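Written out below as structure tokens is the structure these notes cover.
The values are calculated or read from the model by the stated rules, or taken from the named source; none is laboratory data. These numbers come from a predicted model, not from an experiment. Every residue, glycine as well, gets a Cβ built from its backbone with ideal geometry; the counts of neighbours run over all protein chains shown. SASA here: full protein model, heavy atoms, side chains in, ligands and nucleic acids out. Shrake-Rupley method; radii C 1.70, N 1.55, O 1.52, S 1.80 Å.
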Amino acid sequence: RKEVEQDPGPFNVPEGATVAFNCTYSNSASQSFFWYRQDCRKEPKLLMSVYSSGNEDGRFTAQLNRASQYISLLIRDSKLSDSATYLCVVNMGGFKTIFGAGTRLFVKA
Amino acid sequence: DAMVIQNPRYQVTQFGKPVTLSCSQTLNHNVMYWYQQKSSQAPKLLFHYYDKDFNNEADTPDNFQSRRPNTSFCFLDIRSPGLGDAAMYLCATSSDEGGTNEKLFFGSGTQLSVL
């Protein structure tokens, strides 16, 4: 079993749609959780941290379920510019930060 | 602006010819990482430095080495590149001043081609 697993997609959605991604992690002792965005041939960039209470940043909402060991990302009112790969990132403790393989999103006009 | 800088952006080397990738940071972060990312795959952690302490991942091949001469600079040395080492190499930093590992700051990466 991979340490961090994501549905690779791709997700093809029209502008204005709501789309949700899920991610599961294997290590129950994991401490920190993040969503990163990566554009083609570019470096990953932090989208948002994920907190136990859930958090929202504009059109983006992240949730953490420690009991089931999954995190989610919800994007509302999708824009063309949201097209990218979304990486689920988990800190397993210490400085061991593990990335999922990413979920590809295509938003179409 | 404080940042993480990787040079070069693109690197071409020959099979078996040693190559060095460089990374510098102005964030004064105490932790520096090297990740390898192949096409459509997750970034894979190769190793990290916590200050001067080097920490190698168990499955990182011996062909990959690293040096951190000071806080600002970190190098990735590939002693004998093979065709399978062609990838994007990402340098990242983080700070643990708060006592926990915080988010990673990435450089723009070096795309390595092996001929």
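Observations
- From the list A:Phe11, A:Phe33, A:Phe60, the lone residue that is without any contact (Cβ under 8 Å) to a residue 40 or more places away in the chain and of a type in the set (Phe, Trp, Tyr) is A:Phe60.
- For the stretch A:35-94, residues that are assigned to a strand (DSSP E or B) and not acidic (Asp, Glu) total 31.
- Residue within the stretch A:98-106 that is open to solvent by less than 70 Å² (accessible area, probe 1.4 Å), in contact with an Asp or Glu (Cβ under 8 Å, 6 or more places away or on another chain), farther than 26 Å from B:Met3 by Cβ and more than 13 Å from every other protein chain (Cβ to nearest Cβ) present: yes
- Every listed requirement among (1) within 11 Å of chain B (Cβ to nearest Cβ); (2) at pLDDT 95 or above is met by A:Lys42 save one, (2).
- Residue match in the stretch B:72-95 (condition: closer than 12 Å to B:Gln36 by Cα, open to solvent by 10 Å² or more (accessible area, probe 1.4 Å), touching a Leu at 6+ places or on another chain (Cβ under 8 Å) and away from chain A (no Cβ under 13 Å)): yes
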